[in-house]
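Shown next, in structure tokens, is the structure this report addresses.
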Ligand SMILES: [Fe+2]
Ligand SMILES: [Fe+2]
């Protein structure tokens, strides 16, 4: 269970709202552990598929607008995330959705959240703040 607090805030409202949405997905999946069904996997993957567009596009546009120096490295991390989602989609397409797969998605999302959002996304938020103050 991940609880939202200010320490997780990037400081850009739209980004923070989307991060809160992924926390909700993580917590929903965690709550369903042990009783999850194929529908849960389909729902989670549909969410992640939409997230790739809505969320990463939003961050990328912001980075492009600001001439963010870490753009390439940040984008690479997003691509890594996208590749994981594709991997899960293929697994779902060709395999039987299992508890193990849902557990894998959950572990992946938690790790992603902890490392990417608390480091790269927060660094971006900091850059946005500094730019706003100097501009
Ligand atoms: Fe990001
Ligand atoms: Fe993000």
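The values are calculated or read from the model by the stated rules, or taken from the named source; none is laboratory data. Remember, predicted model here, so these are calculated numbers, not experimental data. Glycine also receives a Cβ, built like all others from the backbone with ideal geometry; neighbour counts cover every protein chain displayed.
Which of the residues that make up region 14-46 are in contact with a helix residue (DSSP H, G or I) (Cβ under 9 Å, 6 or more places away or on another chain), in a helix (DSSP H, G or I) and closer than 13 Å to residue 92 by Cβ?
If the condition is that a residue be in contact with a helix residue (DSSP H, G or I) (Cβ under 9 Å, 6 or more places away or on another chain), in a helix (DSSP H, G or I) and closer than 13 Å to residue 92 by Cβ, then 38, 40, 41, 42, 43, 44, 45 are the ones that fit.
Tell me which of these residue 52 doesn't satisfy, since it passes every other one: (1) away from ligand 2 (no atom under 16 Å from the Cβ); (2) more than 17 Å from residue 30 (Cβ to Cβ); (3) modelled with pLDDT under 95; (4) assigned to a helix (DSSP H, G or I).
Among (1) away from ligand 2 (no atom under 16 Å from the Cβ); (2) more than 17 Å from residue 30 (Cβ to Cβ); (3) modelled with pLDDT under 95; (4) assigned to a helix (DSSP H, G or I), the lone unmet condition for residue 52 is (1).
Within region 1-28, track down each residue that is surrounded by 12 or more Cβ atoms within 10 Å (Cβ to Cβ) and either within 15 Å of residue 112 (Cα to Cα) or more than 17 Å from the chain's Cα centre (by Cα) (or both).
Restricting attention to region 1-28, the residues satisfying the condition of being surrounded by 12 or more Cβ atoms within 10 Å (Cβ to Cβ) are 2, 4, 8-12, 14-16, 18-28.
Listed by number, the residues that qualify are 2, 8, 18, 19, 20, 21, 22, 23, 24, 25, 26, 27.
Conditions tested, residue by residue: (1) within 14 Å of ligand 2 (Cβ to nearest atom); (2) modelled with pLDDT of 95 or more; (3) part of a helix (DSSP H, G or I).
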residue	(1), (2), (3)
63	yes, yes, yes
69	no, yes, no
87	no, no, yes
92	no, no, yes
110	no, no, yes
114	yes, no, yes
117	yes, no, yes
130	no, no, yes
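Restricting attention to region 113-129, which residues are in contact with a helix residue (DSSP H, G or I) (Cβ under 6 Å, 6 or more places away or on another chain) and either farther than 18 Å from residue 55 by Cα or free of Cβ contacts under 8 Å to residues at least 60 places away in the same chain (or both)?
Step one: filter region 113-129 for residues in contact with a helix residue (DSSP H, G or I) (Cβ under 6 Å, 6 or more places away or on another chain), giving 116-117, 120.
Passing the criteria: 116, 120.
Given the conditions (1) away from ligand 2 (no atom under 16 Å from the Cβ); (2) more than 24 Å from residue 4 (Cβ to Cβ); (3) in a helix (DSSP H, G or I), report the number of the one that residue 79 does not fulfil.
Going through (1) away from ligand 2 (no atom under 16 Å from the Cβ); (2) more than 24 Å from residue 4 (Cβ to Cβ); (3) in a helix (DSSP H, G or I) one by one, residue 79 breaks only (1).
When you scan region 30-38, do you find a residue that is closer than 23 Å to residue 77 by Cβ, crowded, with 18+ Cβ neighbours inside 10 Å and in contact (Cβ under 8 Å) with a residue 60 or more places away in the chain, even just one?
Taking every residue of region 30-38 in turn, none turns out to be closer than 23 Å to residue 77 by Cβ, crowded, with 18+ Cβ neighbours inside 10 Å and in contact (Cβ under 8 Å) with a residue 60 or more places away in the chain.
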